[in-house]
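K.L.:
So that we are looking at the same thing, I have put the structure below in structure tokens.
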Amino acid sequence: MINRTELKNNWSVFLDRDGVINKPFPGGYVRKPSEFTFLPGSLFAFNLLSNIFKNIFIVTNQQGIGKGIMTIRELEDIHRQMLGKIKENGGRIDRIFFCPDLASKKPNCRKPGLAMAQMVKKEFPAIDFRKSYMVGDSLSDMEFGKNAEMQCVFIRSNDNDETNVSNIPVYSSLLEFARTL
């Protein structure tokens, strides 16, 4: 395990949103701030992560925009509220990157492709993906992390049944992961 001083000075963490930070909306998409509910412990996890990592990013597929179910403005409202609550609780997020593309659109910027990693690198050129964690709750999150040469961490909730994550550390929550660092 890497020591905290090394993480703080050099490492970044990339987080998926739905299923890692907040509860996925039953049968659809979180479309407005009132539908966004933090998962238990995730606010406190940001407090811990903010004291551990140099950079904290969210990378999230948001194809509800591409489907016309929500707008970019509505997504920004959700993120503004989320960022405010995280800050109120002593945490931070350095930047949110999202992909509005439909999965069927080719090419697209969705995970597991590397388009969002390239966006991060463009804005934060000092980022070393080999000194980064990708924390997610889906196989596409893990594939994204592997494709970018990151360390991967899988969050297994009661709602996701993805089991094929061999050789990847598995935690029950973002808070459990943060506490192990």
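K.L.:
Calculated FRET efficiency, Thr37 and Glu88, Cβ-Cβ r, R0 22 Å, to nearest 0.05?
P.N.:
0.90
K.L.:
Once phi is turned into θ = phi - 60°, what whole-Hz ³J(HN,Hα) does the Karplus curve with 6.51, -1.76 and 1.60 give for every residue of segment 170-181, x standing for Gly and Pro?
P.N.:
Those phi angles translate into 10, 10, 7, 6, 4, 5, 4, 4, 4, 5, 7, 7 Hz.
K.L.:
I would also like to ask the following. Could you tell me what % of all Cα pairs in the chain have separations over 25 Å?
P.N.:
When every Cα pair of the chain is considered, 28 percent fall beyond 25 Å.
K.L.:
A further question on this structure: Return the unpartnered cysteines for the chain, using a Cβ-Cβ cut-off of under 4.7 Å.
P.N.:
By the Cβ distance rule, which asks for a partner under 4.7 Å, the isolated cysteines are Cys152.
K.L.:
Summing -39500 (n - 2.57) over the DSSP H runs of n ≥ 4 in the chain and dividing by its residue number, what mean residue ellipticity at 222 nm do you reach, to the nearest 500 deg cm²/dmol?
P.N.:
It comes out at -9500 deg cm²/dmol, rounded to the nearest 500.
K.L.:
Shifting gears a bit: What net charge do the residues around Leu43 carry, taking every other residue with its C-beta under 15 Å from that of Leu43, with Lys and Arg at +1 and Asp and Glu at -1?
P.N.:
+4
K.L.:
Right, next: R0 = 30 Å: FRET efficiency of Ser104 with Thr180, Cβ-based, nearest 0.05?
P.N.:
The calculated FRET efficiency here is 0.20.
K.L.:
Could you let me know the centre-to-centre spacing of segment 73-150 and segment 5-59, using Cα atoms, in angstrom?
P.N.:
Going from one Cα centre to the other spans 10 Å.
K.L.:
Estimate the FRET efficiency between Ile69 and Asn167 by the formula 1/(1 + (r/R0)^6), using the beta-carbon distance for r and 30 Å for R0, to the nearest 0.05.
P.N.:
According to the calculation, E is roughly 0.25.
Read-outs throughout are calculated quantities, based only on the coordinates presented, and are distinct from any laboratory measurement. As the structure is a computational prediction, the values presented were derived from the model and not from experiment. Reconstructed Cβ throughout: ideal geometry from the backbone, glycine too, with neighbour counts over all protein chains shown.
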